[in-house]
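Student: What follows is a single structure, and I will ask about it in a moment.
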Amino acid sequence: MNRRQTLGGLASLAASPLYGGTVRAADSVLRLAAPPTDASAQYYYADAEGFFKKAGLPCEIAHLANGEAITAAVIGGSVDIGAGQAISIVTAYSRGLPVTILAGTSVNTPSAEAGVLFVPKNSTATTGKDLDGKTIGVQGLKGFAQFGTQAWLDRTGGNSSTVHFVEMTSAVMGRALADSRIDAAFIPEPFVSEVAKVAQKIANPMDAIAPAFIAGAHFTTLGWAKAHPEEVQRFVRVIYSTAAWANKNHARTAEILADATHVDPTTMRTAVRARYAEHRDTSLLAPMINLAVKYAGITPFSAEELFFKT
């Protein structure tokens, strides 16, 4: 059975409670999940500003640690829609799991970076070659942070297959860098300015992936999307209108995100803020597919087929 056949079989399974495809009442609560990061913060903004309420979409938002946890929750049916790493969604789809993208989250560009690669202050490392055989901290293994860092390591003369990646929170990585217990770490916003006090920046590694790409996406199971077409349409409209609002209101979004993440508001205001996708552009997913092909060993597929067709 090939991947397309597997996906077709699992799409029918998505109508079961296990895959979150059960039809629920129109006035039921929309269960959302997102990591508490700027790149995935649209749910917090839409909730705080009443955008979900105005669209008739009462919701509850779960704070989960990373894209891998959110993918598992969506597939398991405890969450209806999640904001996850695009790379996690791509690899899940490549394995035949019935996931589908509804909209993009943040767009990574040179002026809106997802994060920074740091080394200890006493380190002399400046290229990937300098980090061969070393230990690098990331927030999630086998995901965007690791694979994007690997792309930079290889592009700058290193051999990423020799590097040992360890999973840590940003706060723990900051302390580990300060104590030279790890050799480097990829730190996402909004934690860059805090870690910069105890470590030195050497690169914006995600530039090695492509000039522009969506780092994350709002996704669900194919069964749930097909069972809730009106909710999907309203949700997508809210997400893109929230994106346009958030891109123009950094002061207000800093307040909302600081409250949601329990990060000092001053830190949030000095962070390089995410820029969100304001419309559908499937081409921005292609770099994530290429990244997964190289570092996760998936079979290539078209970005268009992963987006839900409303």
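Just so you know, all these numbers are worked out from the coordinates, no wet-lab data involved. As the structure is a computational prediction, the values presented were derived from the model and not from experiment. FYI the Cβ positions are ideal-geometry reconstructions off the backbone, even for glycines, and counts take in every protein chain you see.
Student: In whole Å, how far is the Cα centre of the range 29-105 from that of the range 184-231?
Tutor: Taking the Cα centre of each part, the range 29-105 and the range 184-231 sit 13 Å apart.
Student: Top mean-square fluctuation among 292, 86, 72, Gaussian network model of the chain, C-alpha springs under 10 Å?
Tutor: Highest fluctuation of the listed residues: 72.
Student: If you don't mind, another one. Counting each DSSP H run of 4 or more residues in the chain as -39500 (n - 2.57), what helix-only mean residue ellipticity at 222 nm follows after dividing by all residues, to the nearest 500 deg cm²/dmol?
Tutor: -11000 deg cm²/dmol
Student: I've got another one for you. Take every Cα pair under 8 Å in the range 23-141 that's 6+ residues apart, average their separations, divide by the length, and report that relative contact order as a whole percent.
Tutor: 25 percent
Student: For residue 78 and residue 200, what is the calculated FRET efficiency with R₀ set at 45 Å and r taken between the beta-carbons, to the nearest 0.05?
Tutor: Efficiency, rounded to the nearest 0.05: 0.65.
Student: Compare 193, 28, 106 in a GNM of the chain, Cα atoms joined below 10 Å, and give the one with the largest fluctuation.
Tutor: Highest fluctuation of the listed residues: 28.
Student: Among 299, 71, 220, determine the one that fluctuates most according to a GNM of the chain built with springs between C-alpha atoms less than 10 Å apart.
Tutor: Per the Cα network of the chain with a 10 Å cutoff, 299 tops the list.
Student: While we're here: What is the range 131-193 by shape, rounded, prolate or oblate, if you read a ≥ b ≥ c off the alpha carbon gyration tensor as root eigenvalues and call it rounded for a/c under 1.5, prolate for a/b larger than b/c, and oblate otherwise?
Tutor: Prolate, because a/c is 1.5 or more and a/b exceeds b/c.
Student: Name the residues of the range 110-149 whose amide N is less than 19 Å from a point 7 angstrom out from the Cα of residue 181 along the C-beta direction?
Tutor: Residues passing the 19 Å test: 118-123, 134-141.
Student: Using the Cα gyration tensor of the range 151-310, with a ≥ b ≥ c the square roots of its eigenvalues, what is the shape: rounded (a/c below 1.5), prolate (a/b larger than b/c) or oblate (neither)?
Tutor: Oblate is the answer for the range 151-310, as a/c is 1.5 or above yet b/c matches or exceeds a/b.
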